[in-house]
Structure formats: structure tokens, C-alpha cells
1. Please name all residue pairs, on different chains or six or more residues apart, with Cβ atoms under 7 Å, provided the first residue is in the range 29-48 and is within 16 Å of SER15 (Cα to Cα) and the second residue is at pLDDT 85 or above and β-branched (Val, Ile, Thr).
2. Can you spot a residue in the range 33-46 that is surrounded by 14 or more Cβ atoms within 10 Å (Cβ to Cβ) and under 17 Å from the mean Cα position of the chain (by Cα)?
3. From the list SER70, SER15, SER90, which residue is modelled with pLDDT under 90 and of a type in the set (Ser, Thr, Tyr)?
4. One residue is enough: does the range 25-39 have a residue meeting the conditions modelled with pLDDT of 90 or more, within 28 Å of ASP84 (Cβ to Cβ) and of a type in the set (Ser, Thr, Tyr)?
5. What do you reckon, is VAL64 in contact with a helix residue (DSSP H, G or I) (Cβ under 7 Å, 6 or more places away or on another chain), surrounded by 12 or more Cβ atoms within 10 Å (Cβ to Cβ) and among the β-branched types (Val, Ile, Thr)?
6. Which members of the range 47-59 meet the condition of being open to solvent by 80 Å² or more (accessible area, probe 1.4 Å), in contact with a strand residue (DSSP E or B) (Cβ under 9 Å, 6 or more places away or on another chain) and more than 18 Å from GLU19 (Cα to Cα)?
7. Find all pairs meeting these conditions: Cβ atoms under 8 angstrom apart; at least six residues apart or on different chains; first residue within the range 1-27 and under 14 Å from PHE52 (Cβ atoms); second residue of a type in the set (Ser, Thr, Tyr) and open to solvent by 80 Å² or more (accessible area, probe 1.4 Å).
8. Output the number of residues of the range 1-32 satisfying the condition of being basic (Lys, Arg) and open to solvent by less than 90 Å² (accessible area, probe 1.4 Å).
Amino acid sequence: GRVRVSREGFNATVSGTRESVRKFAKELGKFDKHFLETDFKYIDGLHADKAFKDLKVFPVAELVFYGFSSEEALTMGEGGEHLDPAAYHSMMKRPDAVIIDVRNHY
């Protein structure tokens, strides 16, 4: 897998057996209570040729590059308000809404 670590947190994409990946997520909750609220995404039945062959952990200045200094970067608890799907779709319809899609494709 790949784990990118920065001042504001980390981003991880890991692969393994169904049981091992879920155990990893559960152990993160024991490590830090913030992970108890994390919405982990799982893909079961991943073909072996699509799985990561090794684990790489590396530091990055920003998880998503915006060009902010480290002093300007958000820390945990300073993010925006979580919206449920209905509220999100309602917010999208506002003329003053700005949506920044930070999804990645590997």
C-alpha cells in the first residue's frame, strides 16, 4: 500500500485480505479515537494482480497540494461541516457553492 503522512494527517491506500484490512482499520481506532469516526472504504474481491506488493510510507508537505504554508494548513478539528447526502445535494444547487473534487485515480 501507500501511506502519505503530513502535518494535517495521512492518506492511506492499503490492500490485503478482507480480514486483515478490517483489522488494520480497527487497530487505527485503538491508536487514535479520531479513527473511530472514519468512513473507511472497502473493496472486496480485488484481484491479486491489482493488490499492492509492498507498503510504502513517506512524508509529504501536503496531502493534497494547494500551495499553503504549513502554518496555513488545517489541523484536525478545523475542517468544514460534514453534510449528509441530502444536505450536500442541496448545497450543490446554491449559486455561490464551490466544489473542489480532490479524488485521485491510481
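1. Partner pairs satisfying both residue conditions: TYR42/VAL21.
2. So the first thing to find is which residues in the range 33-46 are surrounded by 14 or more Cβ atoms within 10 Å (Cβ to Cβ), and the list is 35, 46.
Next, only the ones that are under 17 Å from the mean Cα position of the chain (by Cα) stay: 35.
Scanning the range 33-46, I find at least one residue that is surrounded by 14 or more Cβ atoms within 10 Å (Cβ to Cβ) and under 17 Å from the mean Cα position of the chain (by Cα), so the answer is yes.
3. Values: SER15 fails: modelled with pLDDT under 90; SER90 fails: modelled with pLDDT under 90.
After ruling out the rest, the residue left standing is SER70.
4. No - not one qualifying residue is present in the range 25-39.
5. no
6. Selection gives LYS56, VAL57, PRO59.
7. Listed by first residue and then by second, the contacts come to THR13/TYR106; VAL21/TYR42.
8. 2
The values are calculated or read from the model by the stated rules, or taken from the named source; none is laboratory data. The model shown is predicted, which means the values in this text are computed figures rather than measured ones. Heads up, the Cβs are rebuilt from the backbone with ideal geometry, glycines too, and the neighbour counts pull from every protein chain shown. Side chains included, ligands, DNA and RNA excluded: accessible areas come from the protein's heavy atoms. Shrake-Rupley method; radii C 1.70, N 1.55, O 1.52, S 1.80 Å.
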